[in-house]
Amino acid sequence: IGLETSDLKRLLEADPKSQDYAGVLSAETPQHELVVPSFYLMATEVTNEQYAAYLRATGRRAPYTWAAAAIAKGRDAYLAELEAARDAAIAEGRPVPDAQPFEDRAWWDEHWRDAEFAVPAGDELRPVVFVDWSDARAYARWAGLRLMTEFEYQRAVRGDSTRAYPWGD
């Protein structure tokens, strides 16, 4: 796992932009071997349907992509407030306030407890997406599982290969 120092130097010399992440890459040296004990992986990714069952059981926040209808209502309410504030400012002879853009994710992060959500139709058996690490970890614990470690991930994607990267050299 990791990089040989000579490979790191070659990467940094070959690409001037790599200087931006030289510190991160240097943390990958020196390359070393690690024995990773056997472990099990799920045969498939966690589906939206499985994740929805977890959300119903725990009351946790759904991915914002599941809240399209609620977000649209929130956007409509925001635009109505903005228009009312503009009209009031004009009627009172005050300067019109600057409009701030409506941010879907920010709105969902603030209002998810009071809004409805649903798995997008047809996506029930697709892998769940837009779930951060802490949500993935909480799901795994709820399901009696755990997330794999970095070393288990490297072992799973590399197999017995000595490729520089899991996807190839």
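The values are calculated or read from the model by the stated rules, or taken from the named source; none is laboratory data. Everything numeric in this text was worked out from a predicted model, so none of it was measured. Because the Cβ atoms are built from the backbone with ideal geometry, glycine has one as well, and the counts that use them run over all protein chains shown. Please note that ligands, DNA and RNA were not included when accessible areas were found on the heavy atoms of the full protein model with its side chains. Shrake-Rupley method; radii C 1.70, N 1.55, O 1.52, S 1.80 Å.
How tilted is helix 68-91 with respect to the longest principal axis of the chain? Cα atoms for both, answer in degrees (0 to 90, nearest 10).
Value to nearest ten degrees: 40.
Mind telling me which of 106, 143, 91 comes out most flexible in a GNM of the chain, alpha-carbon contacts under 10 Å?
Its mean-square fluctuation being the largest, the pick is 91.
Please build a GNM for the chain, connecting alpha carbons under 10 Å apart, and tell me which residue among 78, 21, 139 fluctuates the most.
Evaluated over the chain, the most mobile residue of the options is 21.
Per residue, how much accessible surface does the range 1-116 expose to a 1.4 Å probe? Answer in Å², no decimals.
Heavy-atom SASA per residue in the range 1-116 reads 73 Å².
For the chain, find the longest principal axis of its Cα atoms and tell me its angle to the long axis of helix 48-58, 0 to 90°, nearest 10.
With rounding to tens, the tilt is 70 degrees.
Would you mind checking the tilt of helix 133-142 against the longest principal axis of the Cα atoms of the chain, expressed as 0 to 90 degrees and rounded to 10?
80 degrees
If you stretched the chain out fully between residue 14 and residue 35, how much longer would it get, using 0.36 nm times the residue separation minus the C-alpha to C-alpha distance?
Taking 0.36 nm per residue and subtracting the Cα distance, the gain is 4.4 nm.
Between residue 81 and residue 143, what FRET efficiency follows from the Cβ-Cβ distance if R0 is 30 Å, with the result rounded to 0.05?
That pair, residue 81 with residue 143, gives E of 0.15.
Could you tell me what percent of the accessible area of the range 107-166 is made up of carbon and sulfur, with a 1.4 Å probe and every protein chain present? Please list the in-between numbers first.
Numbers: 2340 of 4410 Å².
About 53 percent, which is the carbon plus sulfur part of the accessible surface.
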